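The values are calculated or read from the model by the stated rules, or taken from the named source; none is laboratory data. Worth saying up front: this structure is predicted, and the values here are computed from it rather than measured. As a convention, Cβ positions derive from the backbone with ideal geometry for all residues, glycine included, and neighbour counts pool all protein chains shown.
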Amino acid sequence: MTAQPAPSGTADKSAAVDVVVVGAGFAGLYALHRLRRQGLSVRVFEAAAGVGGVWYWNRYPGARCDVESVDYSYSFDSALEQEWNWTEKYATQPEILAYLNHVADRFDLRRDISFETRVTDMVLDEKTLRWEVRTDRGDVVSARFCILAVGPLSNANIPAIEGLDSFAGEVYHTAHWPHEGVDFTGKRVGVIGTGSSGIQAIPHIAKEAAQLYVFQRTPNYSVPAGNIPLDDETRAAQKAGYAERRRLSMLSGGGSPHQPHPESALDVSAEELRQTYERRWELGGVLFSKAFPDQLVTIEANDTARLFWEQKVRAVIDDPAVADVLIPKDHPIGAKRICTDDNYFQTFNRDNVSLVNLRATPIERIDASGLDTTEAHYDLDALVLATGFDAMTGSVQKLNVVGRGGRTLNEAWAEGPATYLGLGVPGFPNLFNIAGPGAPSVLANMVLHSELHLNWVADAIAFLDARSAPAIEAREDAAAEWVAECTRRAAETLMPQANSWYLGANIPGKPRVFMPFVGGFGVYGEIIADVAAAGYNGFDIHQDLTA
Ligand code: N01
């Protein structure tokens, strides 16, 4: 074990620690707590001025989680579970950020976090198998282990639209929203993008703006968020049932305690089908996609969900021609992350809201006064880019990670992210990627997923230390088999049928690989636990530095 690092802002910019963690979101904070508890020295670098990761940056109006608050929260400390009071079924961004700040204070985490500090380089010293980590503030830290907790949805995608820089009005990206908020009152606003972020923000912006133009390229499936305030009685019942809730979540497909209907959507009566979807509709959140076990496996089962959804949505849109443009036709429901909303479709009934179908009339350019499609010019005072992320790999690839033989992680991932279990990359010993490609990642509850991963990493470190082994490293053959296994499992579902960011399809030139492990959170947890129990098969445990 090495000395504690110097806190950020002190003169000592060089240090040696056991572990460097990149990112202070849900995963980074837990990494720090868990590994510190194991007696390791840990230094966390975070580009933002505060903790929270995605919940620090994504402050757009309407930002809210689509997993229930009671489940989208840490499980590692039962006192924390009992003392924190979520006020709503689905927490808003400010409440989640307040929770994370509470956690940072309660567990005294800030003293080992360097804020406003971006990691620029991580270079392996092959002789010592230690990593030299450099930051944009001049830190040079030697670490035995590196944990990438940068988040799969943290590298904002700015679309390459001609003239974007020439726009004279305000430009915002949902993932970099001003902390002081934005007042759209009386303004002509354009929103580009109708994914989860756009769909959450649009109803709120519509209430303020004089005129809102929604520039939609691809329509999306969205279900009502189903948010309600939590009363004391509900909260008490949730807290009393926490242990069972967590147990079910860890075994489940997506990290929440709700189980799908036990039968195929095609084997139940019409009434049971309707009632099952109705219950999920009432529950709100993303689990509408998982009402039946085969909903994302066969198109026939999927069609039952899609038809239910379409009926519900058409019923709330006044103009059938507008509804036609808002209803997706190019992918199965749930094959892209389903969105959740607060009166999104009803927003298009407002007089001050216009839907612009970019499939029929694509964007040509932006100029100082607004946006040109092939059909019209739209004068705008403000432009909101709800254009998503270079997901899963984008933030990792911004780091210059250099492994064995001077090979960068970007070179290793040129054909797509190759990992073993999502955790290890051959040629990059003692480097762990958290909740990214090759893991359930964004298909699961990211809080429990982060805990699962970091407990595994902490145990792996303890395993090494018990044997005085310097390093663990994923084997090439194991990674190749895992990538093939992930691809095979994805191909057995409908998921690759959508041009989604799961596949990298939203970023021009990105290799088209289905990145998350689709086999389910519980199944994945068993796989990685079995690997650990078998002495980390598929990994080389280096017993000395020459191995
Ligand atoms: O990003 P997206 P997001 N011209 O990539 C459009 C999580 N999340 O930030 O589909 C015109 O989904 C693009 O169009 P198309 C959640 O996992 C969760 O909304 O490429 N349009 C699309 O409509 C989610 O899935 C929560 O044709 C352009 C939109 O921009 C993930 O984050 C809330 C364009 C991008 O949608 C990402 O969601 C928010 C262009 N040049 C986010 N480029 C909750 O927990 C892009 N688009 C509820």
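Let me spell it out: the conditions are (1) among the small types (Gly, Ala, Ser); (2) more than 16 Å from the ligand (Cβ to nearest atom); (3) within 14 Å of Asn455 (Cβ to Cβ), and Ala27 meets all of them except one. Which number is the exception?
Only one criterion is unmet by Ala27, namely (2).
Got at least one residue in the range 55-68 being within 16 Å of the ligand (Cβ to nearest atom) and without any contact (Cβ under 8 Å) to a residue 40 or more places away in the chain?
Yes, the conditions are met somewhere in the range 55-68.
Buried (at least 21 other Cβ atoms within 10 Å of the Cβ) and either more than 15 Å from the ligand (Cβ to nearest atom) or among the aliphatic types (A, V, I, L, M) (or both): does that describe Gly39?
No.
Within the range 196-209, how many residues are within 16 Å of the ligand (Cβ to nearest atom) and among the basic types (Lys, Arg)?
Residues meeting the conditions: 0.
Can you name every residue in the range 398-426 that is assigned to a loop (DSSP other than H, G, I, E, B) and among the aliphatic types (A, V, I, L, M)?
Answer for the range 398-426, where residues must be assigned to a loop (DSSP other than H, G, I, E, B) and among the aliphatic types (A, V, I, L, M): Leu399, Ala414, Ala418, Leu421, Leu423, Val425.
Out of Pro260, Pro229, I need the residue that is closer than 17 Å to Glu68 by Cα, buried (at least 19 other Cβ atoms within 10 Å of the Cβ) and more than 16 Å from the ligand (Cβ to nearest atom). Which one?
Pro260
Considering only residues that are β-branched (Val, Ile, Thr) and in contact (Cβ under 8 Å) with a residue 24 or more places away in the chain, which ones fall in the range 355-372?
Within the range 355-372, Val356, Ile363, Ile366 meet the criteria.
Take the residues in the range 138-172 that are in contact with a Gly (Cβ under 7 Å, 6 or more places away or on another chain) and among the polar types (S, T, N, Q); name whichever of them is surrounded by the fewest Cβ atoms within 10 Å (Cβ to Cβ).
Asn157
Just to check your reading of the model, which residue among Leu409, Leu431, Leu421, Leu454 is assigned by TED's automatic domain parsing to the domain that holds Ile96, surrounded by 22 or more Cβ atoms within 10 Å (Cβ to Cβ) and over 16 Å from Val150 (Cβ atoms)?
Leu421
When you scan the range 141-183, how many residues do you find that are in contact with an Asp or Glu (Cβ under 8 Å, 6 or more places away or on another chain), among the polar types (S, T, N, Q) and either more than 28 Å from His33 (Cβ to Cβ) or within 13 Å of the ligand (Cβ to nearest atom) (or both)?
Residues that pass the stated criteria total 3.
Could you check the range 504-535 and list, in sequence order, the residues that are acidic (Asp, Glu) and within 18 Å of the chain's Cα centre (by Cα)?
none
In the range 220-265, which residues are in contact with a strand residue (DSSP E or B) (Cβ under 9 Å, 6 or more places away or on another chain) and of a type in the set (Gly, Ala, Ser)?
Listed by number, the residues that qualify are Ser222, Ala225, Gly226.
Run down Ser441, Ser395 and say which single residue is at pLDDT 95 or above and either closer than 16 Å to Asp540 by Cβ or within 16 Å of the ligand (Cβ to nearest atom) (or both).
The unique qualifying residue is Ser441.
Conditions: (1) within 16 Å of the ligand (Cβ to nearest atom); (2) over 15 Å from Asp66 (Cβ atoms). Val223 meets all but one. Number of the miss?
(2)
Taking the stated definitions as given, is Gly504 buried (at least 24 other Cβ atoms within 10 Å of the Cβ), within 15 Å of the ligand (Cβ to nearest atom), at pLDDT below 95 and of a type outside the set (S, T, N, Q)?
Judged against the criteria, Gly504 is a match.
Select from the range 354-376 the residues that are of a type in the set (A, V, I, L, M, F, W, C) and outside any loop (DSSP other than H, G, I, E, B) and write down the one among them that is nearest to Ile202 (Cα to Cα).
Here the answer is Leu355.
Tell me, yes or no, whether the range 342-354 has at least one residue that is in contact with a Ser or Thr (Cβ under 6 Å, 6 or more places away or on another chain), of a type outside the set (S, T, N, Q) and in contact (Cβ under 8 Å) with a residue 40 or more places away in the chain.
Yes, the range 342-354 contains at least one residue that is in contact with a Ser or Thr (Cβ under 6 Å, 6 or more places away or on another chain), of a type outside the set (S, T, N, Q) and in contact (Cβ under 8 Å) with a residue 40 or more places away in the chain.
Considering only the range 350-404, state which residues are among the small types (Gly, Ala, Ser) and surrounded by fewer than 21 Cβ atoms within 10 Å (Cβ to Cβ).
If the condition is that a residue be among the small types (Gly, Ala, Ser) and surrounded by fewer than 21 Cβ atoms within 10 Å (Cβ to Cβ), then Ser354, Ala360, Ala368, Ser369, Gly370, Ala376, Ala382 are the ones that fit.
Answer with yes or no whether Ala386 is within 28 Å of the chain's Cα centre (by Cα), within 15 Å of the ligand (Cβ to nearest atom) and over 13 Å from Ile161 (Cβ atoms).
yes
For the subset of the range 306-349 comprising residues that are within 16 Å of the ligand (Cβ to nearest atom) and part of a helix (DSSP H, G or I), which member is surrounded by the fewest Cβ atoms within 10 Å (Cβ to Cβ)?
Looking at residues that are within 16 Å of the ligand (Cβ to nearest atom) and part of a helix (DSSP H, G or I), I get Val325.
So Glu364 ticks every box in (1) within 18 Å of the chain's Cα centre (by Cα); (2) within 12 Å of the ligand (Cβ to nearest atom) but one. Which box is left unticked?
With respect to (1) within 18 Å of the chain's Cα centre (by Cα); (2) within 12 Å of the ligand (Cβ to nearest atom), Glu364 is out only on (1).
So Gln200 fits all but one of (1) of a type in the set (S, T, N, Q); (2) surrounded by fewer than 24 Cβ atoms within 10 Å (Cβ to Cβ); (3) under 19 Å from Val316 (Cβ atoms); what number is the exception?
Here Gln200 clears every test but (2).
Quick one: in the range 210-219, which of the residues that are buried (at least 24 other Cβ atoms within 10 Å of the Cβ) and not aromatic (Phe, Trp, Tyr) is farthest from the ligand (Cβ to nearest atom)?
Among residues in the range 210-219 that are buried (at least 24 other Cβ atoms within 10 Å of the Cβ) and not aromatic (Phe, Trp, Tyr), the one farthest from the ligand (Cβ to nearest atom) is Leu212.
Does Pro429 satisfy the criteria of being touching a strand residue (DSSP E or B) at 6+ places or on another chain (Cβ under 7 Å) and not in a helix (DSSP H, G or I)?
The answer is yes for Pro429.
Regarding Gly195, is this residue out of contact with any Lys or Arg (no Cβ under 7 Å at 6 or more places or on another chain) and under 21 Å from Pro508 (Cα atoms)?
So Gly195 passes the test.
Determine whether the range 86-106 contains at least one residue that is on the phi > 0 side of the Ramachandran plot and assigned to a loop (DSSP other than H, G, I, E, B).
no
Restricting attention to the range 400-455, which residues are touching a Pro at 6+ places or on another chain (Cβ under 6 Å) and over 15 Å from Pro516 (Cα atoms)?
Within the range 400-455, just Glu415 meets the criteria.
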